[in-house]
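What follows is calculated from the coordinates using simple rules that are stated; it is not laboratory data. None of the values given here were measured: they were computed from a predicted structure. Here the Cβ positions follow ideal geometry from the backbone for every residue, glycine too, while neighbour counts run over all protein chains shown.
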Amino acid sequence: MAILELCGVTMSYGSGRARKAALADVSLRIAEGAFALLQGPSGAGKSTLLKLILAMERPEHGTIRVADRDIARLRKSSIPYLRRNVGAVFQDFKLLSDATPRENVALALQVLGLPRAHVDARARKALADVELDPDTRRPVRCLSGGEQQRVAIARALAGEPAILLADEPTGNLDPRLTREILELLGSVCQRGTTVLLATHDPLVHEHAAASHVLALTDGRLVADSEGLARALVAAPTPESTVEPIGVPA
Amino acid sequence: MNRALTSLVYIIARGVRGMVQAPLVQVLAMATIAVCMLLLGTVVLVWQNAQSIADRWGVDVPITVYLVDEVEPAAASELASRLATVAGVSSSETIAPELALQRLVEGLGDDPGLLDGVDADVLPTSIEVRLADSSASDDAAVLAAQLRSEPIVEEVVVAGAWAERAEQLLATLRQVAIGAAALVGFACLTIVWSTIRLAVYARRAEIQILRLVGGTAAFVRGPFVVEGLVQGALGATLAVALLWLGFAEVGSLVADAFALAFAAGSLRFLSPPECIVLVGFGAALGVLGSRAAVARYVEA
Ligand SMILES: Nc1ncnc2c1ncn2[C@@H]1O[C@H](COP(=O)(O)OP(=O)(O)O)[C@@H](O)[C@H]1O
Ligand SMILES: [Mg+2]
């Protein structure tokens, strides 16, 4: 079953003469439990695609289905509930730098309205799962970049979302920490969470244990190892032809 | 505990934490709101007291007709009912000496003993004439002139100019009170709006994170609304307290200086329901101001 399905998605920023297409007719499908790697140079539209899945942006055309629910025209009041089912981590971590790791993770559980004891227990477990000390009282700003990204991953997973989006999660990390975070994402996937990792970094392309590789260029999907995009589009236009490519070992 | 209640607890806790992090801002906002509300409270207090004094002084009785001592009750009521049919008169009422004495006793309030042993018969029978609102101001004078020629009439007192001025003063005070409420409302909204704007700016990272992890608009907005509500309600409470202190100080001085005006009773402070309305007004302004300040930032 596909946990994520995009069909003919088009999206532009700006309006009038400043209008610029960020995604053009993108169709793809990611199976439940997959480790999907979204490649493409800077400005290809990777972040835009992830923002669409989080309903931070709206597509102009096309449908986006997350866990079989069309979110392209989701009501504003329903967006928080979508985001509880879609974890996300970013290059800049987006943590409360003066709070401890546990306080950061707890925030994602408090929004669910869970009682304090529950929040605490689950925050500890989420931190232990990413191999961090749940009891540290040091604020997040005193941690290394790799540790901060682990806190972010723990927070994203604390609510047990169906899918984890990672937008350049290693962009601020050195090669050693990059490999550690990729390993962690691999084990997250093995524990059952679908992972969609977007990056332009060749090091990541090389080391990520991806089961599904997609490539974007100039807002168009130019490669898809599952080759499902072609089947989804009834009558593909010649310029949107998608080449199936191999999965790196 | 259900989830909504648990969420409310988190919202209040985060609101309080936010306030504790910027205590000076809270104190300044509350003090400024208190000063504004104090102004409003003072105007309302003056208006209320002027109103009750005017009521006691019978400002609403423009013409009082005193009858001769030996008048027959039947003649008095005959004149009263004749007056009631005159165009421009809305009502006329005979006040027997006993009723006049009773009013005097009540009017003395704390010190009714002054009139012990006074016989009602020393007081004249009178007729109170009220005019329709539509009547012209010189109608009263014309009517008074006619009444003076009646044989059983001893004297006619037209409250006329004084009553009119008192009515005008009351109307003006009421308008000032309404104007003050509008101005103070606007000022308090602005104060809360700008303090909450600062708080939103200081905590913009937290807001972004809460939205990212699936916090509802109410969850994101809540702590700021708590902050606005507390500022408004505490500011107004402080104003009521200051007003009460000021009233205790100034009230007795004023009462001494105008002993005659207050002979019919003492100055009164705002009633408990009026105080609650004032505090509720402050709280509502706090909620409105904070909601407006945070509105744009809670949306996805
Ligand atoms: N908020 C924005 N406003 C205008 N243009 C944007 C915005 N975000 C991205 N873009 C443009 O959209 C295109 C795709 O951007 P993005 O999705 O961030 O690419 P990537 O993540 O692959 O580097 C780029 O040309 C970028 O300049
Ligand atoms: Mg990007």
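Here are a few things to note about the model shown:
- Restricting the GluC sites (Glu not before Pro) of the stretch A:126-204 to loop positions (DSSP other than H, G, I, E, B) with no more than 13 neighbouring Cβ atoms within 10 Å leaves A:131.
- Extension gain from residue B:167 to residue B:208, taking 0.36 nm per residue of separation minus the Cα-Cα distance: 9.0 nm
- Our helix-only sum for chain A, with -39,500 (n - 2.57) per DSSP H run of n ≥ 4 divided by its residues, gives a mean residue ellipticity at 222 nm of -9500 deg cm²/dmol.
- Lysines with Cα under 22 Å of residue A:46, excluding same-chain neighbours fewer than 8 positions away: A:20, A:94
- Protection proxy ranking of A:200-213, B:144-157 - average other beta-carbon atoms within 10 Å, highest first: A:200-213, B:144-157
- Whole-Hz couplings from phi, Karplus 6.51/-1.76/1.60, listed for the stretch B:122-127; x for Gly and Pro: 6, 8, x, 6, 9, 10
- Straight-distance crosslink candidates among aspartates and glutamates, where the alpha carbon sits under 18 Å from residue A:76 and sequence neighbours closer than 8 are dropped: A:57, A:60, B:299
- Remark: the protein assembly as shown carries a charge dipole of roughly 4260 debye about the Cα centre, counting +1 on each Lys and Arg Cβ and -1 on each Asp and Glu Cβ.
- Chain B, helix-only ellipticity at 222 nm - DSSP H runs n ≥ 4, -39,500 (n - 2.57), divided by all residues, nearest 500: -24000 deg cm²/dmol
- Inter-chain neighbour count for A:104-114: the average number of beta-carbon atoms from partner chains within 10 Å of each residue's beta-carbon is 6.
- Potential lengthening between residue A:172 and residue A:135 on full extension [0.36 nm per residue; Cα-Cα distance subtracted]: 10.8 nm
- Amide H contacts for residue A:72 (H built 1.01 Å from N in the peptide plane; partners 5 or more residues away or on another chain; cut-off under 5 Å): A:64.
- With respect to chain A, whose longest principal axis is taken over its alpha-carbon atoms, helix A:175-190 is tilted by about 80°.
- Two-decimal log10 I(q)/I(0) for the stretch A:179-224, as the Debye equation yields it once each C-alpha is a single scatterer, q = 0.15, 0.20, 0.21, 0.30 Å⁻¹: -0.41, -0.69, -0.75, -1.19
- Normalised by 2.2 N^0.38 Å, with N the number of residues, the alpha-carbon radius of gyration of the protein assembly as shown equals 1.60.
- Under 5 Å from the amide H of residue A:194 lie the amide H atoms of A:33, A:164, each residue being 5 or more positions distant or on a separate chain, with H modelled from the backbone and absent for Pro and chain starts.
- Angle in degrees between helix B:139-148 and the longest Cα principal axis of chain B, rounded to the nearest 10: 30 degrees
- Inter-chain neighbour count for A:12-25: the average number of beta-carbon atoms from partner chains within 10 Å of each residue's beta-carbon is 0.
- When the trypsin sites (Lys or Arg not before Pro) in the stretch A:79-159 are filtered for DSSP coil states and for at most 11 other beta-carbon atoms within 10 Å of their beta-carbon, the remaining sites are A:137.
- C-alpha long axis of helix B:73-84 to longest principal axis of chain B, angle in °: 50 degrees
- Counts of other chain beta carbons within 10 angstrom of each beta carbon in peptide B:205-211 average 4.
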